[in-house]
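Asker: The structure under discussion is supplied below as C-alpha cells; questions concerning it will follow.
The values are calculated or read from the model by the stated rules, or taken from the named source; none is laboratory data. Only a predicted model underlies this, so the values are computations on that prediction, with no experimental measurement involved. We place every Cβ from the backbone using ideal geometry, glycine too, and count neighbours over all the protein chains shown.
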Amino acid sequence: MFKNQPAGLYVLALANTGERFGYYTMLAIFLLFLQAKFGLDSTVSGQIYAGFLALVYFMPLIGGWVADKWSFSKCVVTGLFVMFIGYLIMAIPTDIRSTSSLVILFCALLLIACGTGLFKGNLQVMVGDLYNEARYSGQRDAAFSLFYMAINIGSMFAPMAATAMCNLALKSQGLTYVSSLPTLCNAYLDGAENGADLSATIAENGMTAGSDLTAFANDYITTLSTGYSYAFAIACGSLIVSFLIYFLGRRTYAHILVDKKQPATGAKSTAATAGPELTPAQTKQRVVALLLVFAVVIFFWMVFHQNGATLTEFAKSCTSPEAGGWTRIGFNVWALLSIAVGVYALFNLFQSKGTVSRVVSVVILALVAWAVWYFYSVTPDPLTGIQPQEYQQFNPFYVVALTPVSLAFFGWLAKRNAEPSAPRKIGYGMIMAAIAYVLMLIGSLGIVGTNASVSPNWLISTYLLLTFAELLLSPMGISFVSKVAPPKLKGSMMGGWFAATAIGNYLVSIPMILWGKIPTYMVWGILVVICLISAAFIFSIMKKLEAATSDSTPTEADPLENVEDDAI
C-alpha cells in the first residue's frame, strides 16, 4: 500500500488533508448554523445546504476547463487563496437573524465554491499524472485509496474541532448546548407562544433565563453563532497549512507540471502529461463510458450526502443525546484514532517479514489496547450532551480504518484474477448504500413524525454501511476517471465527475423537503429505491463500461498489481 509510491503522492495528499479538514469543519455544522443563526426551517436550510454542495462540486468542471488551458498547479494555489477569503468572511461574526448577514454569507459561500473548483479536481488530476510513469502505473488505484484515506483523516477530526469551538463560546457565557434550544429560541423571537416550553428546557439543562426570555433567546443564538464562527476560523488556519505543505514539497511533483502556454519538452514531461494517442472512436467510447458512470454517481451522492442533511436532522431530533457501554467511546475521536492505528499495526504484524517490524507491531497493538481501555474507563457512563455533528466523525473513521482492509481484499482477488472491475464495484456500492438505508428504515419504524429518541447505534451502524459503499464507489470512481479519460480531456472529465456529484448534492434537498411531512421511515424507503434502481442501471450497461476499461493502455491495465504484497 505504501511501497512503490512516488513522494509527490504524500505531499499532495497532505495538502488535501489540511484543506478537507477546514471544509468538513465548516460543513459539519453548516446546516445547524443556518437553522440557529437565521431561524430557518429544515426545508429552507436544506435547500441552501444542497445548493452550496452542488455549487462546490459543480465548480471543478469550470476549474478543470481552466486548468486544461492554463495550469493545474496555478489553479490549485489560486483556489487555496480564494477559499481562504471565503472562510475568513464566515469567521467574522455578524448580526443574527439579519438579511444583510445572509447576503454576506452567500458571498462567502460563493468564494468557497469557486476556490474549491480551482483546487479539488485539479489536485486529483495531478495525483493521477504521477502514475503515468510505467514504474508507478500498477499502484494507481492503491494511490487514490491512500489519497482518499488522507482526506478522511482530516475530516475525522473536523466534527471534534467544530464541537470544541461551539462549547468554548457557550461555556464562556455559562451556557450549554441543547439541540432543541436554537429552534425554541428562534420560534419565541418570531412571536410563538412557547415561553413555557422554552423556560422548561432552560431550567432542565441547568441554565437560568431570568425574567427576560427575549434577552436569553438573543444571547443564546448569538453565542452559539459566534462558536460556529470560531469553527470557520479553524478552516482559515487549515488552508495556510495546506499551502505550506504544497509549496515546500513542490520538488516531489515538479516533473508533472507543464505550463499550458508552452509545449512540453523532454521525454519525461511527455510521458507524464501527454499519455497515449487515441483514435476518435476510442475517445468517444471512453467519454460515453464516463458519462454513463456519472449518471449513477449523481444518485450515489444524493443518498450519501444525507450525512449533513436528513441524517443530521435525525441525530438532532430523533436520536438520544446519550450513549452508554462501549458505544460512548465512539464519540471520542482520540479513541477512534487509536483503533485505526491498531488496524494498521495488525495488518503490519501479519504482512511483515522482519522480526523487528513484527515486534514493533505487537508493541503498538498493546499500546492501542491500553489506550482504548483508558478511554473506556475515563468516559462517563452514560455519556451525555452528544451534539448532532459528532456523528459525522464515524464515516471518516471507518474510511481510515477500513482502507487497508479494502485494498488487501481486492489485492487478494486481483492475484486470483477475480477482482471486480471499477464499474462493477460502483454497482456493488449502490447495493450497499441501499442496505444502509434499509437499516435506517427499520430503526425508524416506531417513530411518529420526528419526535422520538432512538439509540445512537442506528446511526453509527448506518455510517458503517455507507462507508463500505463509499469505498466501493468513490476512490475507485476517481481512479476510473483518471485512467479512462482521454489525455487531452483529463481536467474536463475530472470536472465532469464533480459536476455529476454537484447534481447529486443538489438532489440532497429532496429528502429535506419531505422531512417532517411524511413518516421518517418513508424518507429512508425512497432512498433505498433510488439506490436499487441505480444499481440495476449500472449492471445493465456493464459490458459497455468494461469495454472502455479494457481499452486502457497496457501500463494501466492492472491497477492493483502487487497490492497484496504491499498492502501496508
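Asker: Closer than 30 Å to LEU111 by Cβ, surrounded by 12 or more Cβ atoms within 10 Å (Cβ to Cβ) and modelled with pLDDT of 90 or more, is that true of SER199?
Answerer: Values: closer than 30 Å to LEU111 by Cβ: no; surrounded by 12 or more Cβ atoms within 10 Å (Cβ to Cβ): yes; modelled with pLDDT of 90 or more: yes.
For SER199, the condition - closer than 30 Å to LEU111 by Cβ, surrounded by 12 or more Cβ atoms within 10 Å (Cβ to Cβ) and modelled with pLDDT of 90 or more - is not met.
Asker: So for the range 493-513 (the condition being more than 22 Å from the chain's Cα centre (by Cα) and either modelled with pLDDT of 90 or more or β-branched (Val, Ile, Thr) (or both)), does at least one residue qualify? Let's see the steps before the verdict.
Answerer: From the range 493-513, those more than 22 Å from the chain's Cα centre (by Cα) are 513; that's our starting set.
Adding the requirement that they be either modelled with pLDDT of 90 or more or β-branched (Val, Ile, Thr) (or both) leaves 513.
Taking every residue of the range 493-513 in turn, at least one turns out to be more than 22 Å from the chain's Cα centre (by Cα) and either modelled with pLDDT of 90 or more or β-branched (Val, Ile, Thr) (or both).
For every residue, the table says whether it meets (1) within 25 Å of ILE426 (Cβ to Cβ); (2) crowded, with 20+ Cβ neighbours inside 10 Å.
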| residue | (1), (2) |
| --- | --- |
| ALA295 | yes, no |
| VAL303 | yes, yes |
| LEU311 | yes, yes |
| ALA323 | no, yes |
| ALA340 | no, yes |
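Asker: Additional query: Give SER317, SER361, SER377 a once-over and let me know the one that is free of Cβ contacts under 8 Å to residues at least 60 places away in the same chain and buried (at least 18 other Cβ atoms within 10 Å of the Cβ).
Answerer: Working: SER317 fails: free of Cβ contacts under 8 Å to residues at least 60 places away in the same chain; SER377 fails: buried (at least 18 other Cβ atoms within 10 Å of the Cβ).
On inspection, the qualifying residue turns out to be SER361.
Asker: Separate question: Answer yes or no: is there a residue in the range 203-222 that is free of Cβ contacts under 8 Å to residues at least 24 places away in the same chain and crowded, with 18+ Cβ neighbours inside 10 Å.
Answerer: yes
Asker: Looking at the range 52-75 only, could you name the residues that are among the small types (Gly, Ala, Ser), more than 15 Å from GLY308 (Cβ to Cβ) and part of a helix (DSSP H, G or I)? Can you show your working first?
Answerer: Of the range 52-75, the ones among the small types (Gly, Ala, Ser) are 54, 63-64, 67, 71, 73.
Filter again for more than 15 Å from GLY308 (Cβ to Cβ), leaving 63-64, 67, 71, 73.
The answer is GLY63, GLY64, ALA67, SER73.
Asker: Kindly indicate the residue of the range 493-514 that is touching a residue at least 24 places away in the same chain (Cβ under 8 Å) and surrounded by fewer than 20 Cβ atoms within 10 Å (Cβ to Cβ) and also farthest from HIS305 (Cα to Cα) among those meeting that condition.
Answerer: Pass one, the range 493-514, residues touching a residue at least 24 places away in the same chain (Cβ under 8 Å): 493-513.
Next cut, surrounded by fewer than 20 Cβ atoms within 10 Å (Cβ to Cβ) only: 503, 507, 510, 513.
On the way: ILE503: 12, LEU507: 10, ILE510: 12, ILE513: 15 Å.
Here the answer is ILE513.
Asker: Considering only residues of the range 1-51 that are outside any helix (DSSP H, G or I) and out of contact with any Asp or Glu (no Cβ under 6 Å at 6 or more places or on another chain), which is nearest to ILE96 (Cα to Cα)?
Answerer: Here is the first cut: in the range 1-51, the residues outside any helix (DSSP H, G or I) are 1-6, 39-41.
Okay, now just the ones that are also out of contact with any Asp or Glu (no Cβ under 6 Å at 6 or more places or on another chain), so 2, 4-6, 39-41.
Working: PHE2: 48, ASN4: 53, GLN5: 49, PRO6: 49, GLY39: 9, LEU40: 12, ASP41: 15 Å.
Per the criteria, the residue is GLY39.
Asker: If I go through the range 226-261 residue by residue, how many of them are small (Gly, Ala, Ser) and touching a Phe, Trp or Tyr at 6+ places or on another chain (Cβ under 7 Å)?
Answerer: Qualifying residue count, the range 226-261: 2.
Asker: All but one of (1) within 28 Å of the chain's Cα centre (by Cα); (2) closer than 16 Å to PRO93 by Cβ; (3) touching a residue at least 60 places away in the same chain (Cβ under 8 Å) hold for GLY237; which doesn't?
Answerer: So GLY237 meets the others, but not (2).
Asker: Another question, then. Mind listing just one residue for me: the one in the range 529-551 that is closer than 23 Å to PRO486 by Cα and under 29 Å from the mean Cα position of the chain (by Cα) and, of those, modelled with the lowest pLDDT?
Answerer: First, the residues of the range 529-551 that are closer than 23 Å to PRO486 by Cα: 538, 541-551.
Those left that are additionally under 29 Å from the mean Cα position of the chain (by Cα): 538, 541-542, 545-546, 548-549.
Numbers: ILE538: 90, ILE541: 86, MET542: 85, LEU545: 77, GLU546: 75, ALA548: 71, THR549: 65.
Here the answer is THR549.
Asker: Mind telling me which of the residues THR176, THR183 ends up being assigned to a helix (DSSP H, G or I) and β-branched (Val, Ile, Thr)?
Answerer: Working: THR176 fails: assigned to a helix (DSSP H, G or I).
On inspection, the qualifying residue turns out to be THR183.
Asker: Has the range 66-82 got at least one residue that is surrounded by fewer than 24 Cβ atoms within 10 Å (Cβ to Cβ), free of Cβ contacts under 8 Å to residues at least 40 places away in the same chain and acidic (Asp, Glu)?
Answerer: No, the conditions are met nowhere in the range 66-82.
Asker: Keeping to the range 21-45, report how many residues are of a type in the set (D, E, K, R) and crowded, with 24+ Cβ neighbours inside 10 Å.
Answerer: Pass one, the range 21-45, residues of a type in the set (D, E, K, R): 37, 41.
Restricting the remaining residues to those that are crowded, with 24+ Cβ neighbours inside 10 Å gives 37.
Going through the range 21-45 one residue at a time, the tally reaches 1.
Asker: Taking the condition of being out of contact with any Phe, Trp or Tyr (no Cβ under 7 Å at 6 or more places or on another chain), surrounded by 24 or more Cβ atoms within 10 Å (Cβ to Cβ) and over 9 Å from ALA231 (Cβ atoms), how many residues in the range 153-177 meet it?
Answerer: 1
Asker: Would you confirm, using the coordinates I've provided, whether THR327 is in contact (Cβ under 8 Å) with a residue 60 or more places away in the chain, closer than 25 Å to TRP524 by Cβ and surrounded by fewer than 21 Cβ atoms within 10 Å (Cβ to Cβ)?
Answerer: Numbers: in contact (Cβ under 8 Å) with a residue 60 or more places away in the chain: yes; closer than 25 Å to TRP524 by Cβ: yes; surrounded by fewer than 21 Cβ atoms within 10 Å (Cβ to Cβ): yes.
For THR327, the condition - in contact (Cβ under 8 Å) with a residue 60 or more places away in the chain, closer than 25 Å to TRP524 by Cβ and surrounded by fewer than 21 Cβ atoms within 10 Å (Cβ to Cβ) - is met.
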